[in-house]
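Below you'll find the structure, written out as structure tokens, and then a few comments.
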Amino acid sequence: MGLLVLFTSLPLIYMISTAFKPYDELFLYPPRFFVRKPTLQNFVDLFTALDSTVIPFSRYVFNSLFTTVVTVFATVIVCSMGAFAIAKYKLPYANTIFNIVIAALMFSPHVTQIPNYLIVSKLHLLNTYWALIIPKIAVAYNLFLMKQFIEQIPDTYLDAARIDGAGEFKIFWQIIMPMCKPAWSTLIVFSFVSNWNDYFSPLIFINRQELKTLPLVLQSLAGGPGQVARSGALAAATFVVTIPTIIVFLIMQSRVMKTMAYSGIKG
Amino acid sequence: MFKEGNFKNWWNRYGIGYSFLLPFLILFALFVVIPVVYAIALSFTHYNIIQKPKFAGIDNYRLLFTDDDVFLIALKNTLIFAFITGPIGYFASFIVAWVIDQLKMRNAFALAFYAPSITSGIAMSVVWLYFFSNDRYGFINNLLIKLGIISKPILWTLDPKTILPVIIIVSVWMSMGTGFLVFLAGLQNISKELYDAGAVDGIRNKFQELIYITLPSMKPQLLFGAINSIVNSFGVFDIAVSIAGMPSPNYAGHTIVAHLYDYAFIRFDMGYASAVAVVLFIMTYSLGQIFMKLLSSKDE
């Protein structure tokens, strides 16, 4: 068990330690695992040295942050509303729709990438933030998870609110959503992680340098695959890319654990 | 056609419900359902974006399986990759979840185990490249040389023989998270009474408990984990590209998604690339269906 935890956490510890290494320690032979004299020099380099290359690194941080936050917000609202409709209104065809959603869990998003590209280009959204946002709002998994959760809420709550004269939207916003806090907290984590780390969508939708997101920039900073150039700034950039997802998860961890129990599929 | 009264009735009954569903429905149709149909249709055409698609029958598929050696390499790599990382990740994450569930300090262990899977594949490839660096600065080469196992550094990410294993190690490391989290939650949800009843019925040890009580009550989570790991292991791309490059030496790190990307967004041969997408679709979808049958718990 200890070995496994070591296997999972060593690279992360090394990543954190390397980000704070001064130059002389980065190129030490034999390589040393832990940092001796931690410094912020790498971060300073990252945010200032890259300034000379026209686009400051902070711009990429903004791109990633903006598209991720908007996508997360939109997907939580849209998928929760959809799940609420399927779980609580006995709509004709709701079952069929839900079965299609389940089927969509079973193939990788790469399958739809070519038509998505054609559609996004038809809508004139290539090289805009929207190309990274709109296609990723209606996510099968998100609707699925919210529906499993909302189903558990007894109808009597809704009926009581209706007798009190609450409108349907108010029911959704003031009864359903507060009761589903663990579920959408989990969605926030998952959706934040997958959009923040997404490499494929910006790769095909974005050509303009000033709109690129962190994963793309990180890769070009690595000097292309297979070689480790500009080690200091690269180590700092890796740190900047990795830490936000871990922080988001830490904040939500207890709620996530509660929700995951509902994510089984009956089949 | 509806009479006006009928429509009014219909609207009163379902209108609000469908209004809630509508935004999801439109986006889901536009970016998931229609694209699947569209991809299948395109796979029977020649299409270079500039000219209109030309019907091609099964040309693309014939070419793919009889003439495109690089695709066959990609297919082989992806299958090897999927059949190693999928099961290893799946069973490892279940076993770890099962062990951690019985420990104190559950949350700390859970975080340590889950953290890799929420990190960026690109970022972590950078970190792993320090470990698998091709010179003697790399940790693993350094260690092996010190131990006297090798005398010259191994070219981990350049030698076709070691590329796929390196990609597999990094992917297994990253892939265990979601399944693990679902399993852990499933385990915590099994009621204690089931175990007490089992003890009365003559279950003696932890292992019997696992086989007769734990696994059967976790079918929905096991199914979710299986589908999740199928989709992820067949979609391997970013880790492969950032470790081995594209094209990789001798195509040793070439995968189906890499092939799709190459034809679709470098050569703009959309018809051919769609055929690749359809092959990927059929593989993951049919495996998903098999697991649905195996682990279904609908009647219970």
Extension gain, B:ASN6 back to B:LEU63 (0.36 nm per residue minus Cα-Cα distance, nm) | 15.1 nm
Please identify the longest segment of chain B free of exposed trypsin sites (Lys or Arg not before Pro), where exposed means a DSSP state other than H, G, I, E or B and no more than 12 other Cβ atoms within 10 Å.
-> B:4-103
May I ask for the Rg/Rh ratio of segment B:147-250, computed from Cα atoms with Rh as the Kirkwood radius, given to two decimals?
-> 1.22
Please go through the residue pairs A:LYS136/A:LYS170; B:LYS104/B:LYS192; A:LYS181/B:LYS219 and name each one whose alpha carbons sit more than 22 Å apart in this structure.
-> A:LYS136/A:LYS170; A:LYS181/B:LYS219
D_trans [Stokes-Einstein, Kirkwood Rh over alpha-carbon pairs] for the protein assembly as shown, 10 °C, 1.306 mPa s, µm² s⁻¹ = 63
What angle do you read, to the nearest 10 degrees and between 0 and 90, between the alpha-carbon axis of helix A:57-88 and the longest principal axis of chain A?
-> 20
FRET efficiency estimate (nearest 0.05) - Cβ-Cβ, A:ALA160 to A:LYS266, R0 25 angstrom | 0.30
Classify segment A:58-263 as rounded, prolate or oblate, taking a ≥ b ≥ c as the square roots of the eigenvalues of its Cα gyration tensor: rounded when a/c is under 1.5, otherwise prolate if a/b is larger than b/c and oblate if not.
-> prolate
Could you check the simple spin-label distance between B:LYS152 and B:TYR212, using points 7 Å along Cα→Cβ, in nm with one decimal?
-> 6.0
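Among the complete DSSP H segments of chain B, which ones combine at least 27 Å of alpha-carbon extent along their axis with a mean Kyte-Doolittle hydropathy of 0.5 or more?
Taking the DSSP H segments of chain B (at least 27 Å long, mean hydropathy at least 0.5), we get B:69-101, B:270-295.
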How many nm is it between the label spots at A:ARG208 and A:ILE13, if each spot is 7 Å from the Cα in line with the beta carbon?
-> 4.5
Using the beta-carbon distance between A:LYS170 and B:ILE282 and R0 = 51 Å, what value does 1/(1 + (r/R0)^6) give for FRET efficiency, to the nearest 0.05?
-> 0.65
Segment A:34-171 - Rg and Dmax from Cα coordinates, angstrom = 22.0, 67
Could you tell me how many degrees, from 0 to 90 and to the nearest 10, lie between the Cα long axis of helix A:181-197 and the main elongation axis, the longest principal axis, of the Cα atoms of chain A?
-> 40
What angle, in degrees between 0 and 90 and rounded to the nearest 10, separates the Cα long axis of helix A:94-104 from the longest principal axis of the Cα atoms of chain A?
-> 20
By the C-alpha gyration tensor axes a ≥ b ≥ c (rounded if a/c is under 1.5, else prolate when a/b exceeds b/c, else oblate), the shape of chain B is oblate
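Read-outs: derived from the displayed coordinates by stated rules, not from any lab. Values in this document were obtained by computation on a predicted structure and should not be read as measured data. For neighbour counting, all protein chains shown are included, and Cβ atoms are generated from backbone atoms with ideal geometry for every residue, glycine included.
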